[in-house]
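Beneath this line is the structure, given in structure tokens, with notes to follow.
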Amino acid sequence: MTQSSFDFDLFVIGGGSGGVRAARIAAQHGARVGIAEGFRYGGTCVIRGCVPKKLLVYASRFPQSFEESRGFGWNVSPATFDWEKLVAAKNAEITRLEGAYSANLDKAGVKRFGGYARFLGPNRLAIDTPEGRQEVTAKEVLIATGGEPVMPEDLPGVELAISSNEVFDLPVFPKRIAVVGAGYIGVEFAGIFHGLGAKVTQIHRGPRVLRGFDVQMADLIVETYRDKGIDIMCTPWDLPSLEVLLEYGIDGLKIASADLTNHALLTAAAKENLPMIVSTGMSTEDEIKESVALLRRYGAPYALLQVQSTYPAPFKDLNLRYMQRLAEIGDCPVGYSGHERGYHIPMAAVALGASVIEKHFTIDRNLEGNDHKVSLLPDEFAAMVRQIRDVEAALGTAEARVVAPGEFMNRANLAKSLVAARDIKSGERITADAVDIKSPGRGLQPNSLDKLVGRIARRDVAAGDFFYEGDISDNPARPRDYHFRRPWGVPVRYHDFQAILDAGAKPDFLEFHYSYKDLDMDVDEVFAAYKDNPLPMGYTCHLPDLFSGDFILDLASFDDAVWERSIRELQRTIDITKSLRPYFTQEQDPVFIATLGGFTKEGPVEPERIPAMYDRIIEGLKHVDYSGVRLAPQTLPPYPWLLGGQQYHNLFMSPEALRDFAERSGLQITYDISHSMLSANHEHRPLREYTEILAPLAAHLHIVDGKGVDGEGVQIDEGDVNWPELAEQLDRLAPGVSFIPEIWMGHVNNGEGFWTALDRLEKYL
């Protein structure tokens, strides 16, 4: 084959920096050049190396700059960080640079192929492009494919790790991150994520970081990282090793059981006044007391660990209760160092008061040495930590018991209430024979009987009706003419909306919270009284929380049966909502509030699964006709209460993810203040950050307080919401957007909880 018979004089496989430059220079000298790249032009440095890493480095420096600026007269408001926005900006810059690389190739006359090339034979290649397979010939072929990170396949738990390729596109910013390796790139990544707000642990096997670099520079970096809160703790085995660790800049010391009686080492360590964790295995109580006295003499801060130093240790010898004795001897925090099989014992230790847990881990229990036999594999260690956190949460406090949010739901369904044994007229004195005790627990608890008997009834109470808190209150809330800067309504059901209106309320609209049984009712019968005289107000509607058979609508499900039923139930409820139009004077399409899915029962999903779940919802909405309503998915809490027990939610919590969903779907949202307050508490973020993003997206508001991470539906001014701050933001960012007070059990006693909320909200809204 002659030179002129080839398609190209030079064909380059790989569009990284080297391949692009070689192709461009060759073409500029007159060669016919082709190039194939299956990903993006620019290579490692541009796409997932130097350029994105430097952008993250710049971003990580700002927190320190913000803080330093205060000393120069700047008043910087509390700064917030948006990881998704940083990733988007990084991607935009990479796209710009890739465009420049591509443009330079085109300008030089290089023919680009978008796909991966492979050899078919000498001088012959195939490229699999989106348009199909293409074959070319070339006199010379340059392979410039570069390299990629290698993950050790035989390492247990490696599936939990990511490389430097994936770290730039994490869907959610990590709260904690471990960086394995302390070379230049590892140290740089540790600094980046620490600067951005993550808790960073750097793991390395060598005697010092940045091996091969200038020693003084490496030591300076270690010192800088220590100043910034990246901690280093090690165990000295003798005085020379202690000196090396101190020279290295260690932040804390662990004293092994074998050295508890090594008073020379203990004295030298204590004199440094560093935090110390001291194991007490293989020692008598008298020896422990001697060592504690030594530590106290020098004022070193320390914690004592209960240890049974056999490998594996028999369960009968672990003696966890001795931690209580150690706490008395040491007057200090105590913990447990375990060498037994499994990881259930450390959880028991935490329940008994351990504040430090030491448990060894290994990559292979078959390695030489007894220690490996009782060590945990990486996935086991992770499971232990998760379950210890569960135990910590379960310990709670010794303060006065309160009814948990989920218990309130079950109390309403399972407990008993005071009910009228006969008809009672307004103005009549309530006698003991007029009161009975029956299920469910939706009214006054039976222990309020003495408070109720003898009072004058302020309302007519039919036989079987509940008594409520307002029946024993001297100043119960009553509806009146409220004044707000935005339309307001009250949540109702088909069976009670008339009673709410008869109580004297004058809302701008009603919000119908459907139960699944409501969906089977005849709308014409429900609103028969308004067939020819529509209600002079508007309406909104809320999707049922549960459908028949305890079915929870979930458009995020990858179970086709669940997904398809969810589409049918959503469409059915929307159609019923449209059918209410003739009974109201509202001209604008009604807001339709929906929870579109994402519930799980056993625990939250992995963050990397969340984008696909949003995609699934958006795909499902393509099969739903929601014309005629303003579909507005509501913001959600991390721990919703369904079926009388705690569930987990995964979607519609992150304000950044919600903003992206709104842009992609074209939908507005229902901003539920209580739900988002709980999400903010869960993420340790202020609610104002959520409001700045979510309020401009809102078609409707659920105004209600929230407390902790699962206390939803709390009365106004009784939770964690900063109401003056929220009111200012809503006036600025969501003017004129309608709202309801969605108070838990607010409908009882003809809406008493709603009237209380509206009374309190009037001064804010």
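Any read-out appearing in this document is the output of simple, stated calculations on the displayed coordinates, not a laboratory observation. Small disclaimer: the values here were computed from a predicted structure and weren't measured. Because the Cβ atoms are built from the backbone with ideal geometry, glycine has one as well, and the counts that use them run over all protein chains shown.
Expressed as an acute angle from 0 to 90° and rounded to the nearest 10, what is the orientation of the C-alpha long axis of helix 655-665 relative to the principal long axis of the chain? Once rounded, the angle reads 80 degrees.
Across the stretch 158-395 the C-alpha pair distances fall into 5 Å bins from zero in the proportions 1, 6, 12, 15, 17, 17, 16, 10, 5, 2, 0, 0 percent. Divide the volume of the convex hull around the Cα atoms of the stretch 357-508 by the residue count and you get 245 Å³ per residue. Considering only alpha-carbon pairs that sit under 8 angstrom and 6 or more positions apart, the relative contact order computed for the stretch 3-143 is 35 percent. Farthest towards the positive end of the charge dipole of the stretch 3-143, among the residues Ile143, Ala126, Ile25, is the Cα of Ile25, using unit charges on the Cβ of Lys, Arg, Asp and Glu. Put simply, when 443-453, 297-307 are sorted by average Cβ atoms within 10 angstrom per residue, most first, you get 297-307, 443-453. Shown for the stretch 387-528: lysine pairs separated by 8 or more places, or found on different chains, whose C-alpha atoms are under 23 Å apart, numbering 5.
Taking packing as the residue-averaged number of other Cβ atoms within 10 angstrom, the listed peptides 99-108, 65-74, 332-341, 700-709 run from highest to lowest as 700-709, 332-341, 99-108, 65-74.
On the principal axes of its alpha-carbon atoms, the stretch 3-143 has extents of 72, 30, 20 Å, going from largest to smallest. If you take every DSSP beta bridge fully contained in the stretch 3-143, what fraction is antiparallel? Give it as a percent rounded to 5. Of all bridge pairs located within the stretch 3-143, approximately 45 percent are antiparallel.
Using a 10 Å cut-off on Cβ atoms, rank the peptides 743-753, 496-506, 365-375 from the highest mean neighbour count down.
Details: 743-753: 22.3, 496-506: 15.8, 365-375: 12.8.
Sorting 743-753, 496-506, 365-375 by mean packing, highest first, produces 743-753, 496-506, 365-375.
Pairs spanning more than 20 Å between alpha-carbon atoms, out of Lys85/Lys601; Lys531/Lys578; Lys254/Lys316; Lys53/Lys107; Lys53/Lys90: Lys85/Lys601; Lys254/Lys316; Lys53/Lys107. Along the charge dipole of the chain, Cβ charges K/R +1 and D/E -1, which of Trp744, Tyr116, Thr691 sits furthest on the positive end? So the residue we want is Tyr116.
Farthest toward the positive end of the dipole of the chain, out of Val167, Phe584, Ser102, is the Cα of Ser102, where the dipole comes from beta carbon charges about the Cα centre. Beta bridges from DSSP with both residues in the chain: antiparallel share about 30 percent, rounded to the nearest 5. Restricting the calculation to alpha carbons of the stretch 275-386 gives Rg and Dmax of 14.5, 44 angstrom. Between 0 and 90 degrees, the angle of helix 378-395 with respect to the longest Cα principal axis of the chain falls at about 30 degrees.
A simple charge model with +1 on the Cβ of Lys and Arg, -1 on the Cβ of Asp and Glu and nothing else charged puts the dipole of the stretch 54-187 at about 440 debye relative to its Cα centre.
If I fit a long axis through the Cα atoms of helix 215-227 and take the longest principal axis of the Cα atoms of the chain, what angle between them do I get, 0 to 90°, rounded to 10? Tilt relative to the chain: about 10 degrees. So what is log10(I(q)/I(0)) for the chain at q = 0.08, 0.11 1/Å, when the Debye sum runs over its Cα atoms only? So the normalised log intensities are -0.93, -1.28. Each Lys and Arg contributes +1 and each Asp and Glu -1, all at the Cβ; summed about the Cα centre of the chain, the dipole is approximately 1200 debye. Here the stretch 405-471 is treated with +1 on each Lys and Arg Cβ and -1 on each Asp and Glu Cβ, and its dipole about the Cα centre works out to around 40 debye. Seen from Leu246, the other residues with C-beta closer than 12 Å to its C-beta sum to a net charge of -3, counting Lys and Arg as +1 and Asp and Glu as -1. Taking each DSSP H run with n ≥ 4 as -39500 (n - 2.57) and averaging over every residue of the chain yields -11000 deg cm²/dmol at 222 nm.
Per Stokes-Einstein, at 25 °C and 0.890 mPa s, what whole-number D in µm² s⁻¹ belongs to the stretch 688-765, with the Kirkwood radius over Cα pairs as the hydrodynamic radius?
Details: Rh = 12.9 Å.
The diffusion coefficient I find is 190 µm²/s.
Excluding same-chain neighbours fewer than eight residues apart, the aspartates and glutamates reachable from Lys175 by a Cα-Cα span under 18 Å are Asp82, Glu84, Glu166, Glu188, Asp231, Asp390, Glu606, Glu608, Glu656, Glu683, Glu689. Seen from Asp9, the other residues with C-beta closer than 13 Å to its C-beta sum to a net charge of +1, counting Lys and Arg as +1 and Asp and Glu as -1. For Ala499, neighbours were defined as the other residues whose beta-carbon sits under 13 Å from its Cβ, and their charges (Lys and Arg +1, Asp and Glu -1) total -3.
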